[in-house]
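Here the structure comes first, spelled out in C-alpha cells, and everything after it is commentary.
The values are calculated or read from the model by the stated rules, or taken from the named source; none is laboratory data. Because the structure is a prediction, the values reported are computed rather than measured. Neighbour counts are summed over all protein chains in view; Cβ atoms, including those assigned to glycine, are modelled from backbone coordinates with ideal geometry. Accessible surface is based on the protein model in full, side chains and every heavy atom, while ligands, DNA and RNA are left aside. Shrake-Rupley method; radii C 1.70, N 1.55, O 1.52, S 1.80 Å.
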Amino acid sequence: AQTVTQSQPEMSVQEAETVTLSCTYDTSESDYYLFWYKQPPSRQMILVIRQEAYKQQNATENRFSVNFQKAAKSFSLKISDSQLGDAAMYFCAYRETQGGSEKLVFGKGTKLTVNP
Amino acid sequence: EAQVTQNPRYLITVTGKKLTVTCSQNMNHEYMSWYRQDPGLGLRQIYYSMNVEVTDKGDVPEGYKVSRKEKRNFPLILESPSPNQTSLYFCASSRTPFLVMGYTFGSGTRLTVV
C-alpha cells in the first residue's frame, strides 16, 4: 500500500506571508493523482488543489500552488499572502489503485496557524 | 445544491447500543466511502462501495457494517459500539470509481461511545 507522509505536524505563518507545507509519498505507479484538502474548525473537508502526475506543470488555484517533484515523490503546498481564514488542518492525499479498486490515502495532516 | 448529507452531526451513545449513521448524496455518484479521522492518524478508510450492492472493506473495517441498496445512500452501522470507535466519521463520494477528481465529503459525524 502506498503511504503519504506529512512531516510537519504544525506550522505557523504571519498574515500576508507565504508558507509551504510538505508532503511526500511512496508509489511505484507512473500515473496517479495527488490532492490537498483543507479542514477548517468547521471540520468540513474542502478540496484545495489537485495534481495529475503526468502533467509537468504545477497546479495553481489563486493563492494556492503546488511544487510537484515527481522524481523525488514530493508534493508541497504553497500558500501565498496568507489570510486568517487559511488557518486549518491540511491533508495531503494520494489516489491509490490496488487490486482493481481505488481510494484516497491521506497523510496525518499539518495544522496551520495564521498569526495576525 | 450538490452535496453529501450525513446525520447526525453529533452522537453520544453507550457501549453496545446499535447505531446507524446515515449518508446520502444527490450527485448520482457511483463511488461512496466511509472514513474515520483520529488525532495523529489522519483519515483511514473503513468501507467503500463502487456501486449498488457492491461493497468492500477498507483499512479499518472491524466493528462496522455498511450496505448499498440504493445509489444515493450508504449508511454506516455499528452493531455493538465500543469506546475505541469514538471518532470523527466522514462519508465521501466520487463521480467515478477512478477518483480522479477526489472526493466530495459530508460534514462529518462526531461519535462518542461511553
When the accessible area of each residue in the range B:38-82 is compared between its chain alone and the complete protein assembly (1.4 Å probe; ligands, DNA and RNA ignored), which residues differ by at least 40 Å², being lower in the assembly? B:L43
Scoring the range A:33-116 by relative contact order with C-alpha pairs under 8 Å, at least six apart, yields a percentage of 27 percent
Here, the protein assembly as shown modelled as identical Cα point scatterers in vacuum has Debye log10 I(q)/I(0) at q = 0.10, 0.13 Å⁻¹ of -0.46, -0.77
Per residue of B:104-110, how many C-beta atoms from partner chains lie within 10 Å of its own C-beta, taken as a mean? 3
The aspartates and glutamates whose Cα lies under 12 Å from the Cα of A:K55, excluding any fewer than 8 residues away in the same chain, are A:D31
What accessible area, in Å² to the nearest ten, does a 1.4 Å probe give for A:M89? 50 Å²
Solvent-accessible area buried by B and A, counting both chains, probe 1.4 angstrom, square angstrom: 2000 Å²
Relative contact order of chain B, please, whole-number percent, based on alpha carbon pairs below 8 angstrom and at least 6 residues apart. 36 percent
Under a 1.4 Å probe, what is the accessible area of the range B:1-70 per residue, stated in Å²? 53 Å²
Between the alpha-carbon centers of the range A:53-94 and the range B:48-65, tell me the distance in whole angstrom. 30 Å
15 Å Cα-Cα reach of B:K17 towards aspartates and glutamates, excluding residues that sit fewer than 8 places from it in its own chain: B:E79
For chain A, with all protein chains present and a 1.4 Å probe, just round the carbon and sulfur fraction of the accessible area to a whole percent. 46 percent
With a ≥ b ≥ c from the Cα gyration tensor eigenvalues, square-rooted, and the rule rounded for a/c under 1.5, otherwise prolate when a/b > b/c and oblate otherwise, chain B is prolate
Sticking with the crude label model, points 7 Å out along Cα→Cβ, report the distance from A:K55 to A:A71 in nm, one decimal please. 2.2 nm
In square angstrom, what is the accessible area per residue of the range A:17-77 with a 1.4 angstrom probe? 50 Å²
Rounded, prolate or oblate for the range B:1-44? Axes are the square roots of the Cα gyration tensor eigenvalues, ordered a ≥ b ≥ c, and the cut-off for rounded is a/c under 1.5. oblate
With a 1.4 Å probe and all protein chains left in place, how much of the accessible area of chain B comes from carbon and sulfur atoms, in whole percent? 52 percent
Three-way shape label, the range A:1-103, alpha-carbon gyration tensor, a/c 1.5: prolate
